[in-house]
Amino acid sequence: DQEAFKHEVLRNSGVIGATGAEPPGFKYDGWRFVPEGGSYEKPSMLSYTVADADFLKTMKIQLLAGANFDKHGDYDSLWAFMINRKAAIELGWPDDPIGRTLEVFAPGRTEIMGKGKVIALIDDYHSESLHDPVKPVVISYSPNGFDHLLVKVSEVNGETIESTEATWKKF
């Protein structure tokens, strides 16, 4: 279980944060989004990833407006999205993205796979190489559907690495 693994990693005194998310620099996939009032024929192609509720805190990304993902939030059948400032500008919502809806095309398909609301505007951050310009990013909430656990440590040392490795092997 991913949440149990994360909880166990966080018990290590050298670990100061952990989040289920794709690592920056990992190249988030581009997905086709249709903003409310937008065109299905000309969707916006934006970088997309998923993260859990600890993403902003662990990565030290500033929440500019709205609310962070909530572990206990009931998002109904709608997806919950956080977008960065670049995405808000790209979508035509530089000043008021909160509460706006986005529809998402299924990858490689012509039908809409899901619909959601923007619950947060976050500061721009480098989702790829620091040598590349900051990209527009859409993040949806995934409480435990992640492939990676990003771990923030107080300092890199053998004990913290060995403990994390032992936890990995245990799970």
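In deg cm²/dmol and to the nearest 500, what is the mean residue ellipticity at 222 nm of the chain if only DSSP H runs of at least 4 residues count, each as -39500 (n - 2.57), divided by the residue total? Write down the numbers at each step before the final one.
Numbers: 4 runs with 33 residues, N = 171.
The helix-only estimate for the chain comes to -5000 deg cm²/dmol at 222 nm.
Once the Cβ-Cβ distance of D132 and E3 is raised to the sixth power relative to R0 = 35 Å, the FRET efficiency obtained is 0.60.
Computed with every protein chain present, the accessible area of H7 is close to 120 Å² [probe 1.4 Å].
Specify whether the C-alpha gyration tensor of the stretch 67-118 places it in the rounded, prolate or oblate class, a ≥ b ≥ c being the square roots of the eigenvalues: rounded for a/c under 1.5, otherwise prolate if a/b is larger than b/c and oblate if not. It is oblate, given that a/c is not under 1.5 and a/b is not larger than b/c.
Compare the Cα positions of V50, G30, Y75 along the charge dipole of the chain (+1 at Cβ of Lys, Arg; -1 at Cβ of Asp, Glu; about the Cα centre) and return the one farthest towards the positive end. Projecting each Cα onto the dipole axis, the largest value belongs to G30.
Name the shape class, rounded, prolate or oblate, that the alpha-carbon gyration tensor gives for the chain, where a ≥ b ≥ c are the square roots of its eigenvalues, rounded holds for a/c under 1.5, and otherwise prolate holds if a/b is larger than b/c and oblate otherwise. Let's see the in-between values first.
Values: a/c = 2.07, a/b = 1.87, b/c = 1.11.
Prolate is the answer for the chain, as a/c is 1.5 or above and a/b outweighs b/c.
Report in % the part of the accessible area of the chain that belongs to carbon and sulfur, leaving out ligands and nucleic acids; probe 1.4 Å. It is 51 percent, rounded to a whole number. Output the 0 to 90 degree angle, nearest 10, between the alpha-carbon long axis of helix 158-170 and the longest principal axis computed from the alpha carbons of the chain. So the helix axis and the longest Cα principal axis differ by about 70 degrees. Note on the stretch 107-171: dipole from Cβ charges, positive end direction compared against H148, L121, W168; the farthest Cα belongs to L121. Largest accessible area first, the listed residues L63, L130 line up as L130, L63 when surface is computed with a 1.4 Å probe on the assembled protein chains. Antiparallel beta bridges, as assigned by DSSP with both residues in the stretch 25-171, represent about 65 percent of the total such bridges.
Think of each Lys and Arg Cβ as +1 and each Asp and Glu Cβ as -1; about the Cα centre, that makes the dipole of the chain roughly 120 debye. Checking every one of the trypsin sites (Lys or Arg not before Pro) in the stretch 1-96 against DSSP loop status and a limit of 16 other Cβ atoms within 10 Å picks out R11, K27, K60, K71. Given +1 at the Cβ of Lys and Arg, -1 at the Cβ of Asp and Glu and no other charges, the dipole of the stretch 105-171 around its Cα centre is 460 debye to the nearest 20.
A 1.4 Å probe, protein heavy atoms only, puts the accessible area of E36 near 80 Å². Summed over the residues of the chain and divided among them, the accessible surface reaches 56 Å² per residue at a probe radius of 1.4 Å.
The values are calculated or read from the model by the stated rules, or taken from the named source; none is laboratory data. Because the structure is predicted, anything quoted here is derived from the model rather than measured. Don't worry about glycine lacking a Cβ; one is built from the backbone with ideal geometry, like all the others, and counts go over all protein chains shown. Ligands, DNA and RNA are stripped out before the accessible areas are found, and what is left, the full protein with its side chains, is counted by its heavy atoms. Shrake-Rupley method; radii C 1.70, N 1.55, O 1.52, S 1.80 Å.
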